[in-house]
Amino acid sequence: MPSDADVPATGPLAGVRVVELASLAPAPFGCMVLADLGADVVRVDRPGGTAPGRLAAPSTGPLHRGRRVTALDLKSPAGLADLLRLVERADVLVEAYRPGVAERLGLGPRVCRERNPRLVYARLTGWGQDGPLAARAGHDIDYIAVAGALEPLGRAGGPPHAPLNLLGDFAGGGMLLATGVLAALLERERSGLGQVVDAAMVDGSALLTAFLHGMVAAGRWSAPRGGNLLDGGAPFYDTYRTADDRFVAVGALEPAFYAALLTGLGLADDPGLPAQYDPDGWPELRRRFTARFTARTRDEWTAVFAGLDACVAPVLAPTEAHRHPHNAARGTFVEVGGEVQPAPAPRFARTPPPPPRPAPDPAAPLDVAAVIDGWPARP
């Protein structure tokens, strides 16, 4: 395996230096995105390991790929001094402490930006740096609940159902963090100055509901949970169990796709079928669709719809998605250190990033002096 020194500095973020203070899933995901795009990300662990937590992703897993790692005791004068030496030569610092913790440690934005005015100081929290809940604990499910992103999710008559921790932690958290960092780096090219990026998962989760707010304003989202067009209320936008106890996803919203769906199901010539957009007829449509889909296996239905633009797809488990012909052809998944993982995205025609490197061994951190020596002082 090539060493870090042998890996070419490619990707659109080649040359960007990121200091990541070890934390749990959302910030590591954001830093994974930056590393995937070519940034040189150095994770700063606590001596003896990364941030604790039963739910923390393994520090050798996909969220930590592409990094280098060092260890510093930030509560000691020597550890803090070394961290600030890294900051002097970095472009970005990422921390995910509760508000005020970084300041108490002596590494808050004011201290760091006095050392390096060009530094982008990126902060990721659940509730943000201010507001009544800023100091409170929380998890993904709490942030999306307050953001209005949880209430619409779930079946009619049932409770809201959290979509894993994808909305708050990763889409509304880590991805928002990466977007903020990129915007601040771009603005720095004009101003010559860094700034603080306050990425809050409650803000990001609310941002993800922009389309839903538009539907509400247009009067197109008025039924209770599970009774609207995109939340499982419409029988032509839902999932169906197949004969082998698997599922297919149906998204035949537009009339042309709906017509192809009926063709694939053998219902195109049924004169008694209710109209597509008549909600009173949706229970009957669902009954008919359910009966048809349970007659064949998932893969048999995949073959039936292979030649039809009906917006029907097999529901794949994460462990089998890499074998789908489309994903395999595009390289949507890659093998990193013997493990199948999602590939970096998006794709770049002129500056493609190199294949991801495995996560570093947290038991063998780099000497911080070696990292500093490898980052020449900025002019």
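The values are calculated or read from the model by the stated rules, or taken from the named source; none is laboratory data. Bear in mind the structure is a predicted one, so any value in this text is a computation, not a measurement. Positions of Cβ are backbone-derived with ideal geometry, glycine not excepted, and every protein chain shown enters the neighbour counts.
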Those residues of segment 301-329 which are farther than 14 Å from residue 249 by Cα, of a type in the set (D, E, K, R) and surrounded by 13 or more Cβ atoms within 10 Å (Cβ to Cβ) amount to none
Reported set for segment 260-278 where residues are without any contact (Cβ under 8 Å) to a residue 24 or more places away in the chain and surrounded by 12 or more Cβ atoms within 10 Å (Cβ to Cβ) is 262, 268, 273, 274, 277
Q: Return yes or no: is residue 102 out of contact with any strand residue (DSSP E or B) (no Cβ under 7 Å at 6 or more places or on another chain), hydrophobic (A, V, I, L, M, F, W, C) and part of a helix (DSSP H, G or I)?
A: no
Reported set for segment 155-183 where residues are modelled with pLDDT of 95 or more, among the small types (Gly, Ala, Ser) and surrounded by 17 or more Cβ atoms within 10 Å (Cβ to Cβ) is 168, 171, 172, 173, 174, 178, 180
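Is at least one residue of segment 282-290 assigned to a loop (DSSP other than H, G, I, E, B), surrounded by fewer than 18 Cβ atoms within 10 Å (Cβ to Cβ) and polar (S, T, N, Q)?
So far as segment 282-290 goes, no, none of its residues is assigned to a loop (DSSP other than H, G, I, E, B), surrounded by fewer than 18 Cβ atoms within 10 Å (Cβ to Cβ) and polar (S, T, N, Q).
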Of the listed residues (246, 188), the one being among the basic types (Lys, Arg), in contact with a helix residue (DSSP H, G or I) (Cβ under 7 Å, 6 or more places away or on another chain) and surrounded by fewer than 20 Cβ atoms within 10 Å (Cβ to Cβ) is 246
Among residues of segment 68-113 being basic (Lys, Arg) and under 29 Å from residue 356 (Cβ atoms), the residue surrounded by the most Cβ atoms within 10 Å (Cβ to Cβ) is 89
Considering only segment 106-122, I want to know if a residue exists there that is within 19 Å of the chain's Cα centre (by Cα) and under 30 Å from residue 89 (Cα atoms).
yes
Only one of (1) in contact with a His (Cβ under 7 Å, 6 or more places away or on another chain); (2) crowded, with 22+ Cβ neighbours inside 10 Å does not apply to residue 147, and that is (1)
request  = Check segment 160-179 and report whether any residue there is small (Gly, Ala, Ser), more than 22 Å from residue 21 (Cβ to Cβ), touching a Ser or Thr at 6+ places or on another chain (Cβ under 6 Å) and assigned by TED's automatic domain parsing to the domain that holds residue 19.
outcome  = no
Does residue 234 satisfy being over 26 Å from residue 151 (Cβ atoms), surrounded by 14 or more Cβ atoms within 10 Å (Cβ to Cβ) and modelled with pLDDT of 95 or more?
no
With the first residue restricted to segment 202-219 and required to be within 21 Å of residue 163 (Cα to Cα), and the second required to be surrounded by 11 or more Cβ atoms within 10 Å (Cβ to Cβ) and of a type in the set (Phe, Trp, Tyr), Cβ contacts under 7 Å at 6 or more apart or on different chains are 202/127; 202/143; 205/143; 212/221; 215/221
Condition check: hydrophobic (A, V, I, L, M, F, W, C) and at pLDDT below 95. Does residue 96 satisfy that? no
Among 359, 343, the single one that is surrounded by 13 or more Cβ atoms within 10 Å (Cβ to Cβ), closer than 30 Å to residue 83 by Cα and within 23 Å of the chain's Cα centre (by Cα) is 359
Going through segment 315-344 in order, the residues found to be of a type in the set (A, V, I, L, M) and more than 20 Å from residue 305 (Cβ to Cβ) are 334, 336, 340, 343
In the set 256, 249, the lone residue that is in contact with a Phe, Trp or Tyr (Cβ under 9 Å, 6 or more places away or on another chain), among the aliphatic types (A, V, I, L, M), outside any loop (DSSP other than H, G, I, E, B) and not assigned by TED's automatic domain parsing to the domain that holds residue 133 is 249
Open item on the list: Can you say whether residue 332 is among the polar types (S, T, N, Q) and either touching a strand residue (DSSP E or B) at 6+ places or on another chain (Cβ under 7 Å) or surrounded by 14 or more Cβ atoms within 10 Å (Cβ to Cβ) (or both), as far as the supplied structure shows?
Closed with: yes
When restricted to 290, 263, the only residue closer than 28 Å to residue 166 by Cβ, outside the structural domain of residue 156 (by TED's automatic domain parsing) and of a type in the set (Ser, Thr, Tyr) is 290
